[in-house]
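Colleague: This is the structure, below, for whatever I ask next.
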Amino acid sequence: MLTHRLNPFAPFPAVRRELDRVFESVFGNGAVSGAAPAYPALNVWEDGGAFTIEAEIPGVELSDIEVQVAGADVTIKGTRRPAVEGETTMLREERPTGTFSRTLTFPVAVVADQVEATMKNGVLVIRLPKSPEATARKIQIKSN
Amino acid sequence: MNTCAEMQKSETHQPTVERVRSGQVYRPLVDIVERKDELLVIADVPGATPDRIEVNFERGELTLCAVVPPREREGQRALLTEYGVGDFCRTFSVSEEIDAAKITASYVHGVLTLHLPKKDSAKPRKIAVKSA
């Protein structure tokens, strides 16, 4: 029996609202309600200095993935080729192939020339440092 | 070229396997290719530890299971969670006669590829027809 995965760590409503604001453009890939989810699925984290995007893209090498950064917009593009080419009988074909592209809009700009991407066993990890202007906003309040 | 057909990682239940590890188990997406002399099973198992992938073929059932270690992000706050991370497991029943001793497997870029050679008796044979 197959069920779609439910996330037991679904964000609290307050966080969700923030996410909707932060990522409102994420799902704007022409997807309509009920449409299949965008590929690849993404997990995103943040810490004080950077955002981290992780995606499972098995069968694709890092050199076949393009990461474009424009201010706060980050686009991940690539192509997944069929594992077997030529004359074959496919008994089952579940693995998606073709070109993919996803764009995320972050709340602050990221430093394009410090973006680092790694790929290991089909798991892509992209670390995007936040721009210094964005991280320097913490204001110290002194009490007497 | 097509755009990627969107498919989601889905959960699986393996009633025949008793798990002692906690966590979710996912069903890997596969392509299965038939060739003249072999079946090819290609499974997406991203993030697996290569030496902890198990493949078993017994009484016509092929089972593949891969252990995927959790990817901890200490001190980071999740902003978006579209997929879960856990082990992969899936069982197939194979009607072809397979030479189990000659099954080979490789794991490259998160993709597990199994070669299942057909037994000689299952291979297609060209029968020469003699005319008198």
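Colleague: So which strands (runs of 3 or more DSSP E) stay within segment A:52-122 end to end and still have 2 or more residues that are free of Cβ contacts under 8 Å to residues at least 60 places away in the same chain and more than 26 Å from B:Thr49 (Cα to Cα)?
Modeller: A:65-70, A:73-80, A:89-93, A:98-105
Colleague: Go through segment A:98-115 and count every residue that is of a type in the set (Ser, Thr, Tyr) and within 7 Å of chain B (Cβ to nearest Cβ).
Modeller: Of the residues in that region, 1 qualify.
Colleague: If you don't mind, there's one more thing I want to ask. Is it true that B:Ser95 is of a type in the set (S, T, N, Q) and outside any strand (DSSP E or B)?
Modeller: yes
Colleague: Can you work out which of the residues in segment A:70-97 that are among the polar types (S, T, N, Q) and within 9 Å of another protein chain (Cβ to nearest Cβ) is most open to solvent (accessible area, probe 1.4 Å)?
Modeller: The qualifying residue most open to solvent (accessible area, probe 1.4 Å) is A:Thr89.
Colleague: Turning to a different aspect of this structure: Taking the criterion of being more than 11 Å from the chain's Cα centre (by Cα) and closer than 20 Å to A:Thr89 by Cβ, would at least one residue in segment B:62-83 satisfy it?
Modeller: There is no residue in segment B:62-83 that is more than 11 Å from the chain's Cα centre (by Cα) and closer than 20 Å to A:Thr89 by Cβ.
Colleague: When the residues of segment A:42-51 are filtered to those that are in a strand (DSSP E or B) and not acidic (Asp, Glu), which remaining residue is farthest from A:Val84 (Cα to Cα)?
Modeller: A:Ala50
Colleague: Turning to a different aspect of this structure: When you scan segment B:102-120, do you find a residue that is within 10 Å of chain A (Cβ to nearest Cβ) and more than 20 Å from the chain's Cα centre (by Cα), even just one?
Modeller: The answer is no; no qualifying residue exists.
Colleague: Still on this model: How many of the residues making up segment B:60-92 are more than 14 Å from B:Val41 (Cα to Cα), part of a strand (DSSP E or B) and without any contact (Cβ under 8 Å) to a residue 40 or more places away in the chain?
Modeller: 5
Colleague: Checking the structure you have, find out if any residue of segment B:84-107 is open to solvent by 40 Å² or more (accessible area, probe 1.4 Å) and more than 29 Å from B:Arg35 (Cβ to Cβ).
Modeller: yes
The values are calculated or read from the model by the stated rules, or taken from the named source; none is laboratory data. This one's a predicted model, so the numbers in the text were calculated from it and none came from an experiment. Ideal geometry is used to build each Cβ from the backbone, glycine not excepted, and the neighbour counts take in all protein chains shown. Ligands, DNA and RNA are stripped out before the accessible areas are found, and what is left, the full protein with its side chains, is counted by its heavy atoms. Shrake-Rupley method; radii C 1.70, N 1.55, O 1.52, S 1.80 Å.
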